[in-house]
Structure formats: C-alpha cells, structure tokens
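Structure first, commentary second.
We did not get these values from a lab; they are worked out from the coordinates using the rules stated. Here the structure is a predicted model, which is why all the values come from computation and not from measurement. Cβ: placed from backbone, ideal geometry, glycine included. Neighbour counts: every protein chain shown.
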Amino acid sequence: FTVQVETLPEGTDLPQAALLLFVDLTAVRRSEQMRVDFVANVSHELRTPLSTLMGFIETLQGPARDDDDARDRFLEIMRLQSLRMSRLVNDLLSLSRIETNEHSAPTRKIELKPILEGVKATLDLEARRKDMRVALDIDDGLPPVFGESDELTQVLQNLMDNAIKYGRSGTIIEVAAGPAEKVPAAYPGKRDGAIAVRVRDRGDGIDAGHIPRLTERFYRVDTARSRELGGTGLGLAIVKHIVGRHRGALTIESIRGEGTTVTVFLPKAPANGGNAESAVKPD
Ligand code: ADP
C-alpha cells in the first residue's frame, strides 16, 4: 500500500481537512515485476544461442578455417542455433499480436475439422519420425465455433507438437473433438454450448505441482529437455492467450508415467444464422 496525505493549501476559505488516500499497488507491482522477469528471460534465451553462434564464427574464421570436416559440423550447429532464435522471435511476435487483440472475441464462424486435419498433416512426418501416430476422432456434424482460423491452428499445432515432443515413441496421440460433456468452472461462455477438443498423449506425464504454472511464459518442467526438443517455453502461454480471447477455457490433466491430456473448450456457433456477437458474450 502507499498512503498519501493531502492538505488544503494555506489561505483557502474552506475548513481545513485532510484527505487520506489508500492505494493498493499489489497488482501494479506484480505486473511490473512480470515485465522485468519477461525481459530478463527473453534476453537470457537469446544470449545463449547468440554466444554459441559467435563462438563458432570465430572458430571458423581462425583455427578451423581449413578444416572441411569441422566446417560442416559447425555450420549445422549454427543453423540449429539460428532456428532456435527464429522460433523464439516468432513465438514472441505471436504472443504480442494476440495480446493486442485480446479484448475482442472472434465473431467469425469456422469449422474445426479442416483445421484439425491440416495440423495433423503438418505434423504427421514429425510423428512418424518418432514412430508415433496422430489419430483424429471428430464427431459427425461437429458444429462450427466462433474463432480465428490462424489462431486455432496455432493452438492445435502447439498442443499436438507438445504431445509428439513429450510423448513416448511407439504410442498413438489421440485427438478428439465433439460437444463438451462438462465444462470447467473457469469457462466463461454458455455452459450448454461448448465444443471440446482433446489432445491425449502417452508420455511420461507431468507432476501435479507443475500443472498450474505450465501456461506461464518460459515455465518448463525440464528446461534442458525442452530446449533440446526445440521448445521455446512459450507454446502453452500462447495457447492460453488465444483460448482466452476466444472466451474459452483450457484444462491440463496428467498422470505421471501414463500421459497428459490437454482439453480446449470453445463456444459453439449456431450451424445456421445466429448472431455472433450475442452468442459469444459471457453469461
Ligand atoms: P515448450 O516449448 O518448452 O514445450 P510449452 O509452453 O509448450 O513450452 O510447455 C511448457 C512445459 O510444459 C514444457 O517445457 C514441458 O515441460 C511441459 N509440457 C507441455 N506439454 C507437455 C506434455 N504433453 N507432456 C509432458 N510435458 C509437457
């Protein structure tokens, strides 16, 4: 708290009085601290690949100048480090774009089926590389949702990508979409009009203590493992923001040793006609 005491200026005709103002700065301080942490995290994430790049460039200009073998190896490392920086910058741009639009819910009606199929097609190769398979189970007659196609593509891509990254090789990733049987308490829309999209993997799972923090920027259970797998630590933060803008909700359930299920709840749009504005407004 800050307490401010104001007195009336000398010489006024008004009776002397004092105004006590109590201002709760907890939220302001917290958001300031979050911004400071965020900048520190971004700088740290960029500094590591940058110094690796610098190191290899200097080696290639000096001691390894005439070593063909070393040059090829070093260039490959430099390519991977550049890729890591570019992933990070892309994720940061996505986050800032979403934050800019956060206050307006999408009003366009879109079908989830082509999005799910598109994301599966994009990630099939990556899944096969790990001897995994993505199985889609989309309800017949799945109603459209109010949404932004690019953003929901990103949500599903991040979730399926995590399922592949952290899943176990030789397993199947089940992706199902249909009317939600039950919505979480945090779901802001109409309770009987939600669509649930569920991504379930058979990986190592996550300890319960970590789950509430997974959607924080740069929060990772195992930073080294996430980096090694090409993670930026921003995937679930992006998912959370997009789902929030869609006036939806997100749940993460996990059992250690069995796997993780992430479910996204989105507001259903009427199949024919319907007013988007009124239908997405929270109750
Ligand atoms: P990252 O780029 O590190 O994958 P995310 O924001 O997507 O970042 O996820 C944050 C962390 O949550 C990950 O680093 C990982 O520790 C954990 N995580 C996310 N999805 C899964 C999953 N399906 N199985 C196990 N752990 C997961």
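Taking Cα pairs under 8 Å and at least six residues apart, what relative contact order does the chain come out at, in percent?
Working: 429 pairs, mean separation 50.9, N = 283.
Relative CO of the chain lands at 18 percent.
Just the Cα atoms of the stretch 224-273: what Rg and Dmax do they give in Å?
When restricted to the Cα atoms of the stretch 224-273, Rg and Dmax are 14.9, 49 Å.
Less than 21 Å apart at the alpha-carbon level, and either on another chain or at least 8 residues along: which lysines does that give for Lys190?
Those lysines meeting the cut-off are Lys109, Lys182, Lys240, Lys268, Lys281.
Excluding residues fewer than 8 places away in the same chain, name every one of the aspartates and glutamates whose C-alpha is closer than 18 Å to that of Lys165.
Lys165 reaches Asp91, Asp124, Glu126, Asp131, Glu174, Asp201, Asp204, Asp207, Asp222, Glu228, Glu253, Glu258.
State whether the stretch 1-122 is rounded, prolate or oblate according to the following rule on the C-alpha gyration tensor (a ≥ b ≥ c being the square roots of its eigenvalues): a/c under 1.5 gives rounded; otherwise a/b larger than b/c gives prolate, and the remaining case gives oblate. The partial results should precede the final answer.
Details: a/c = 5.77, a/b = 1.83, b/c = 3.15.
Cα axes put the stretch 1-122 in the oblate bin.
Please say if the stretch 62-128 is rounded, prolate or oblate, where rounded means a/c under 1.5 for a ≥ b ≥ c the square roots of the C-alpha gyration tensor eigenvalues, and otherwise the choice is prolate for a/b larger than b/c and oblate otherwise?
Values: a/c = 7.39, a/b = 2.02, b/c = 3.66.
Oblate, because a/c is 1.5 or more while a/b does not exceed b/c.
Taking R0 as 41 Å, what FRET efficiency do you get between Val28 and Lys130 from their Cβ-Cβ distance, rounded to the nearest 0.05? Spell out each step's value before the answer.
Details: r = 45 Å, r/R0 = 1.10.
For Val28 and Lys130, the calculated efficiency is 0.35.
For Asp91, Asp67, what's the fewest-to-most ordering of other Cβ within 10 Å of each Cβ? It would help to have the intermediate numbers written out before the result.
Values: Asp91 21, Asp67 13.
So the ranking, lowest neighbour count to highest, is Asp67, Asp91.
Just to verify a number: FRET efficiency for Met85 and Glu58, C-beta to C-beta distance, R0 = 22 Å, to 0.05? Walk me through the numbers on the way to the answer.
Numbers: r = 18 Å, r/R0 = 0.82.
Efficiency computed from Cβ-Cβ geometry: 0.75.
Note down the nm distance, to one decimal, between modelled labels 7 Å out along Cα→Cβ at Glu102 and at Ala40.
Once both label points are built, they end up 2.1 nm from each other.
Would you mind calculating the relative contact order of the stretch 124-283 from Cα pairs under 8 angstrom and at least 6 residues apart, reporting the percent as a whole number? Can you show the working numbers first?
Values: 299 pairs, mean separation 45.6, N = 160.
Here the relative contact order equals 29 percent.
Put +1 on the Cβ of every Lys and Arg and -1 on every Asp and Glu Cβ in the stretch 20-174; which of Ala135, Leu60, Ser104 then has its Cα farthest towards the positive end of the dipole?
Leu60
Among Leu53, Leu93, which comes first, second and so on when ranked by fewest other beta-carbon atoms within 10 Å? Write out the running numbers ahead of the final one.
Details: Leu53 15, Leu93 10.
Taking fewest neighbouring Cβ atoms as first place, the list is Leu93, Leu53.
What ranking do His103, His44, His241 get, fewest neighbouring Cβ atoms within 10 angstrom at the top? Kindly include the intermediate steps, with their values, before the conclusion.
Working: His103 7, His44 10, His241 22.
Sorted ascending by nearby Cβ count, the order is His103, His44, His241.
Please say if the chain is rounded, prolate or oblate, where rounded means a/c under 1.5 for a ≥ b ≥ c the square roots of the C-alpha gyration tensor eigenvalues, and otherwise the choice is prolate for a/b larger than b/c and oblate otherwise? Don't jump to the answer; show the numbers that get you there.
Values: a/c = 2.33, a/b = 1.18, b/c = 1.98.
Because a/c hits 1.5 or more and a/b fails to exceed b/c, the chain counts as oblate.
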